[in-house]
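The values are calculated or read from the model by the stated rules, or taken from the named source; none is laboratory data. In this text, all values refer to a predicted model and were calculated from it rather than measured experimentally. Virtual Cβ from ideal backbone geometry, glycine too; neighbours counted across all protein chains shown. The protein model used for the area step is the full one, side chains on, heavy atoms only, and it has no ligands, DNA or RNA in it. Shrake-Rupley method; radii C 1.70, N 1.55, O 1.52, S 1.80 Å.
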Amino acid sequence: MNASYDKASAVVVLPAVGAGRLGDTDLRQWLAKGEVSLCDEPRSLLASVLEELGQAPPDRGLAALRFWGQTGDRAAAWMAAADAVCLEPRLDHLCLHAVPPDSVTVPELRALFDHLQATLGGDSGVGFARLGVYGYVTAPEPFSTAALPASAIDGRRPDAFLPAGEGGGAYRRLLSEIEMALHDHPVNLERQADGRLPVNSLWLWGGGVSPEQETRPMPPLFGDDALLRGHWLRHTGVVDGWPGSIAACADASVAGFVAVAPATEPGTMPALLAELRSLLQRGRLPRLVLLFRDGIRVELRRSHGLRVWRRRHPLLDAEGPGA
């Protein structure tokens with residue numbers, strides 16, 4: 001029997017907050033009263049959220065879970081996620097830049113994946129497919145892939161996260177072919193001319209088949225992250241889209257919940273934090289865990305309001321930890 005989650009808590013994913021990004025001094029002081037920490041270990045958003053629920057993340061089939069979250073259908077075939085990335089050559093290594101889905105148009109992504117399918121698909125049996133703003137690779141024989149999405153290792157050296165051992169050979173060969181095919185594609189030439197990052201490679205990760213559906217106690221999920229939605233659907237959890245406010249999430253749940261605010265709307269964060277503070281002060285939820293997209297975690301309880309001596313935290317201030 002799976003243990004139940006903490007129904008007295010809400011876990012909320014928010015845009016980056018560190019280095020003074022939050023201009024509202026009052027809200028910044030409120031956050032500083034909580035338990036503030038930083039996780040700079042590369043990990044997926046799914047892993048971070050599940051840790052707060054006391055659950056272990058799946059170790060394979062993440063691409064199929066993301067597909068499930070996108071479509072609502074469980075796929076039986078093996079697949080890997082194919083994230084658009086830019087590999088930047090530096091003096092002695094490559095640096096991986098995750099290309100955010102909202103910075104690549106659907107026509108651009110369609111042209112790139114159609115080109116890859118035409119040049120690398122064919123008799124090899126490898127398939128390149130685009131679904132919305134996400135890409136997938138299928139293959140007749142499974143091969144080793146990276147474990148983490150491109151967003152988790154953005155700005156880092158990719159070689160440390162490549163699959164190791166004998167199984168990594170097929171990965172590296174396919175990656176090399178992808179990079180050659182995309183090198184001078186018209187989409188990339190146009191993106192570079194416009195001052196945008198080219199999509200000169202794909203990051204293949206999360207390979208596997210979709211796990212079987214099983215029931216597990218899960219809090220309601222409000223958000224549009226496809227991987228989280230797929231994990232919730234796998235466990236027959238309640239899933240709904242981001243409703244636009246924290247208050248709407250609280251009104252739609254009888255106890256705790258998980259909410260994922262859009263990463264592309266940082267301007268809404270003060271209003272969301274004000275709603276969260278109100279929930280805490282009114283006792284609607286005695287505990288909040290806020291996961292910011294720059295790795296900062298803040299745990300807040302109603303009793304933390306008594307910490308009047310805590311007014312600043314170096315992770316939240318513009319001056320940074322060395323202030």
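Quick notes on this structure:
- Members of the range 291-303 found to be of a type in the set (Lys, Arg), farther than 17 Å from LEU46 by Cβ and either open to solvent by less than 50 Å² (accessible area, probe 1.4 Å) or touching a strand residue (DSSP E or B) at 6+ places or on another chain (Cβ under 7 Å) (or both), listed by number: ARG301
- Within the range 163-200, tally of residues that are open to solvent by 40 Å² or more (accessible area, probe 1.4 Å) and under 14 Å from LEU94 (Cα atoms): 2
- In the range 7-46, residue most open to solvent (accessible area, probe 1.4 Å) [restricted to those that are of a type in the set (S, T, N, Q) and under 21 Å from ASP317 (Cα atoms)]: THR25
- Any hit, the range 213-235, residues being open to solvent by less than 60 Å² (accessible area, probe 1.4 Å), of a type in the set (D, E, K, R), on the phi < 0 side of the Ramachandran plot and out of contact with any strand residue (DSSP E or B) (no Cβ under 9 Å at 6 or more places or on another chain): yes
- Listed by first and then second residue, the pairs with beta-carbon distance under 6 Å, at least 6 apart or on different chains, first residue in the range 101-124 and closer than 16 Å to SER201 by Cβ, second among the basic types (Lys, Arg), are LEU109/ARG130; PHE113/ARG130.
- Checking each residue in the range 101-130 for being open to solvent by 60 Å² or more (accessible area, probe 1.4 Å) and closer than 22 Å to THR264 by Cβ picks out ASP102, THR105, PRO107, ARG110, ARG130.
- Where a residue in the range 174-189 is part of a loop (DSSP other than H, G, I, E, B) and its partner, wherever it lies, is not charged (D, E, K, R), with Cβ under 9 Å and at least six apart: HIS183/PRO198; HIS183/ASN200; HIS185/ALA111; HIS185/LEU112; HIS185/HIS115; HIS185/PRO198; HIS185/VAL199; HIS185/ASN200
- Filtering the range 253-268 to residues that are in a loop (DSSP other than H, G, I, E, B) and either open to solvent by less than 70 Å² (accessible area, probe 1.4 Å) or of a type in the set (D, E, K, R) (or both) leaves SER253, ALA255, GLY256, ALA261, PRO262, ALA263, GLU265.
- Test: ALA271 is surrounded by fewer than 16 Cβ atoms within 10 Å (Cβ to Cβ) and hydrophobic (A, V, I, L, M, F, W, C): yes
- Within the range 139-157, tally of residues that are surrounded by 19 or more Cβ atoms within 10 Å (Cβ to Cβ) and not in a loop (DSSP other than H, G, I, E, B): 4
- Subset of the range 236-245 (residues that are open to solvent by 40 Å² or more (accessible area, probe 1.4 Å) and under 16 Å from GLU212 (Cα atoms)): THR236
- If you go through the range 281-290 and keep only what is outside any loop (DSSP other than H, G, I, E, B) and surrounded by 21 or more Cβ atoms within 10 Å (Cβ to Cβ), you end up with LEU288, VAL289, LEU290.
- Cβ-Cβ distances below 8 Å connect the following pairs, each with a first residue in the range 289-313 that is at positive phi, a second residue that is surrounded by fewer than 17 Cβ atoms within 10 Å (Cβ to Cβ) and in a loop (DSSP other than H, G, I, E, B), and a separation of six or more residues or different chains: GLY295/CYS39; GLY295/ASP40.
- Candidates VAL85, VAL49, filtered to the one that is at pLDDT 95 or above, out of contact with any Lys or Arg (no Cβ under 9 Å at 6 or more places or on another chain), buried (at least 17 other Cβ atoms within 10 Å of the Cβ) and under 24 Å from PHE222 (Cβ atoms): VAL49
- Residue, modelled with the lowest pLDDT, within the range 209-244, restricted to residues that are among the small types (Gly, Ala, Ser) and in contact with a helix residue (DSSP H, G or I) (Cβ under 6 Å, 6 or more places away or on another chain): SER210
- Considering the range 304-314, the residues that are within 17 Å of LEU273 (Cα to Cα) and open to solvent by 30 Å² or more (accessible area, probe 1.4 Å) include one that is modelled with the highest pLDDT, namely HIS313.
- Residue pairs meeting the criteria (Cβ under 7 Å; at least 6 apart or on separate chains; first closer than 15 Å to ALA226 by Cα, in the range 256-271; second of a type in the set (Lys, Arg)): ALA263/ARG293
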